[in-house]
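Data first, discussion second: the structure below is written as structure tokens.
The values are calculated or read from the model by the stated rules, or taken from the named source; none is laboratory data. Note that the structure is a prediction, hence the values are computed from the model and not measured. Cβ placement follows ideal geometry from the backbone for every residue including glycine, while neighbour counts extend to all protein chains displayed. SASA here: full protein model, heavy atoms, side chains in, ligands and nucleic acids out. Shrake-Rupley method; radii C 1.70, N 1.55, O 1.52, S 1.80 Å.
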Amino acid sequence: MSVSVLGAGAFGTALAISLAGKGAVTLWSRDAGHVAEMAESRENARRLPGMPLPQNLNVTSELQQAAQNRVLLLAVPMQQLRRMLDAHRAELTGKVLVACCKGIELTTGLGPIEVMREALPEAHHALLTGPSFAADIAMGLPTALTLACADPDLGKSLQQSLNTANLRLYRTTDTLGAEIGGALKNVIAIACGAVIGAGLGDSARAALMTRGYAEMQRLARHLGAEADTLAGLSGFGDLALTCTSTLSRNYRLGLALGRGEVFDPTVTVEGAATAHATDAKARAMGLDMPITACVVGLLDGKLTLDAAMTALLTRPLKEE
Ligand SMILES: NC(=O)C1=CN([C@@H]2O[C@H](COP(=O)(O)OP(=O)(O)OC[C@H]3O[C@@H](n4cnc5c(N)ncnc54)[C@H](OP(=O)(O)O)[C@@H]3O)[C@@H](O)[C@H]2O)C=CC1
Ligand SMILES: O=C(CO)COP(=O)(O)O
């Protein structure tokens, strides 16, 4: 099955490179100048430098051309997903849309599957998520991800067609659980980066990862997702990777916050908007998510790291 990847960022390019090992792939960018550069240099120097584009990876800025394939991977940032769907409704109707983004939409509190269902109900929807850095995938290093699709037959078919030599896919029908894990791990990674950046130590990070995971599970349970999904690649797996690696942009934003440094605002950091969206949602539902609330306070400059740590350490004592 031929596939196209819409969005020539770091992740979309890496997925296209890996999929090209199985057959022809089309990579679409909205920017014709970017496409011309990639076609000329056979590299995506803007977003994923140093990774050669295989010959059977076709780059285009014509969405109609990319949309000739039935399966379309949507590799744009979460807060851009609806805009992209709205802009290309005619070409995307009836297609199999696999969102590759991680986050919660700020304006609605919805995850990628729910946004696709709302914006393009006439398409089929799935989610590709889990622990993997674009550079690792593009280099051919081994990775394992979750393919989430509510329709079990479509999920099986996508698992077969998107599995590659270095991208091992597991599947689930619990799209909500997969969305929550992928979105929330970025928020906890910002918190972990902040404590490491401030020199508070690995023990503090382990505490935040564990209690952050408890927050992820709490939200998942409350919304009706399956707890087991959170224990898989899309939840625990991605949490472990993102909270411990300086390759993560969310973790690096946290490091900068902890060190009192400025972070490049043009870098895609999904956890920032997702922290705000989740905090608002949790408050509206009366759900206790103290680490998420502290991340919002830190991002907004309304809470110092010292104050955040004091707030977390002096909460009422309770059972684990
Ligand atoms: N990078 C990684 O290692 C991984 C990323 N992800 C997820 O993938 C998603 C994308 O991240 P990533 O690829 O790293 O981000 P990048 O910042 O590298 O790239 C984002 C891409 O999206 C494009 N884009 C933005 N808005 C639109 C729009 N409205 N219409 C069309 N294209 C648009 C940008 O195009 P332009 O250049 O024209 O602005 C750019 O090519 C995120 O949700 C991230 O969490 C998941 C796993 C790993
Ligand atoms: O999602 C990722 C790893 O699984 C990439 O993390 P960052 O977006 O923090 O770079």
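In segment 59-81, the residues that are within 22 Å of residue 36 (Cβ to Cβ) reach residues that are of a type in the set (Asp, Glu) with C-beta atoms within less than 7 angstrom, at least six apart or across chains, in these pairs: 61/31; 63/91; 64/91; 67/91.
Every test in (1) out of contact with any Asp or Glu (no Cβ under 8 Å at 6 or more places or on another chain); (2) open to solvent by 60 Å² or more (accessible area, probe 1.4 Å); (3) within 9 Å of ligand 1 (Cβ to nearest atom) is passed by residue 79 save one, and that test is (1). Among the conditions (1) under 19 Å from residue 174 (Cα atoms); (2) open to solvent by 10 Å² or more (accessible area, probe 1.4 Å); (3) within 19 Å of the chain's Cα centre (by Cα), residue 97 misses just one, which is (2).
Residue pairs whose Cβ atoms lie under 9 Å apart, sitting 6 or more positions apart in sequence or on different chains, and linking a residue in segment 1-26 that is on the phi > 0 side of the Ramachandran plot and within 16 Å of ligand 2 (Cβ to nearest atom) to a partner that is of a type outside the set (Ser, Thr, Tyr) and in a helix (DSSP H, G or I), are 7/80; 7/84.
Going through (1) open to solvent by 40 Å² or more (accessible area, probe 1.4 Å); (2) within 29 Å of residue 292 (Cβ to Cβ) one by one, residue 130 falls short only on (1). Applying a threshold of 6 Å to beta carbon distances and a minimum spacing of six or more residues, or different chains, the list of pairs starting in segment 261-282 at a residue that is under 12 Å from residue 186 (Cα atoms) and ending at one that is assigned to a helix (DSSP H, G or I) and open to solvent by 40 Å² or more (accessible area, probe 1.4 Å) reads 269/249; 272/299; 273/79. The residue list 150, 206, 183, 220 contains one member that is open to solvent by 20 Å² or more (accessible area, probe 1.4 Å) and part of a helix (DSSP H, G or I), which is 206.
Of 46, 42, all but one fail to be more than 25 Å from residue 116 (Cβ to Cβ), in contact with a His (Cβ under 7 Å, 6 or more places away or on another chain) and modelled with pLDDT of 95 or more; the exception is 46.
With respect to the conditions (1) under 23 Å from residue 287 (Cα atoms); (2) free of Cβ contacts under 8 Å to residues at least 60 places away in the same chain; (3) not β-branched (Val, Ile, Thr), residue 218 falls short on a single one, namely (2). Among the helices (runs of 4 or more DSSP H) confined to segment 242-320, there are none with at least 2 residues that are open to solvent by 20 Å² or more (accessible area, probe 1.4 Å) and at positive phi. Residue check: is residue 173 more than 27 Å from residue 275 (Cβ to Cβ) and either at pLDDT below 95 or of a type in the set (Val, Ile, Thr) (or both)? The answer is yes for residue 173.
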